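These notes are about the structure you will find just below.
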Amino acid sequence: MKKIIFLILFLMPAVAFGMEKADRVLVIKSKSRLYLKKQGKILKQYHATFGASPKGHKQKKGDERTPEGKYILDYKNQDSRFYKSIHISYPNEADKKRAKKMGVSPGGCIMIHGQKNGSGRVTFMTQRFNWTDGCIAVSNHAMDEIWLAVDVGTPIEIKP
């Protein structure tokens, strides 16, 4: 029975659950917020956490910063190490050029994701501080809603 309910929930469009599809995602790091937007209107907002060194734009692999700028949500991963993940197209060409000039790797694999698999009970704690390696982390419940409301190809802007 659980499997059938999961399949129905997974295959049903977001609209069936009263959630409109977002045409843009906006993240404001200083407010710890991720916004789903449609035609300039905020559909929903979520508390978010970031890399352990949240101030400033990601410069290189391992700096624990979340990038800032305009990107695309370019694929979804149902079987991630975290509860679902949506990949952000970092690094873009400007990021690659900057890193090359510095002689470093820009890093990559930046995602919006839920909590680490198996750690559901500590979400109330992990969402109180910045802990990722540069990703944007939300609660698993928020990730379910974001997953349904955002299609691959949706633009995301990450601001300081």
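Couple of notes before you dig in:
- With every protein chain in place, the range 40-123: carbon and sulfur % of accessible area (1.4 Å): 52
- Along each principal axis, taking the top coordinate minus the bottom one, the Cα set of the range 47-113 gives 35, 22, 20 Å in descending order.
- Computing FRET efficiency as 1/(1 + (r/R0)^6) for Tyr75 and Asp23, where r is the C-beta to C-beta distance and R0 is 25 Å, gives about 0.90.
- Accessible surface for the range 20-157, divided over its residues, is 52 Å² per residue with a 1.4 Å probe.
- With DNA, RNA and ligands ignored, accessible area of His47 (1.4 Å probe; Å², nearest 10): 80
- Ranked order, Arg24, Arg81 - accessible area, probe 1.4 Å, largest first: Arg81, Arg24
The values are calculated or read from the model by the stated rules, or taken from the named source; none is laboratory data. Computed from a predicted model, the values in this text were never measured in an experiment. Cβ coordinates were reconstructed from backbone atoms using ideal geometry, including for glycine residues, and neighbour counts include every protein chain displayed. Surface areas here come from the heavy atoms of the whole protein model, side chains and all, with no ligands, DNA or RNA. Shrake-Rupley method; radii C 1.70, N 1.55, O 1.52, S 1.80 Å.
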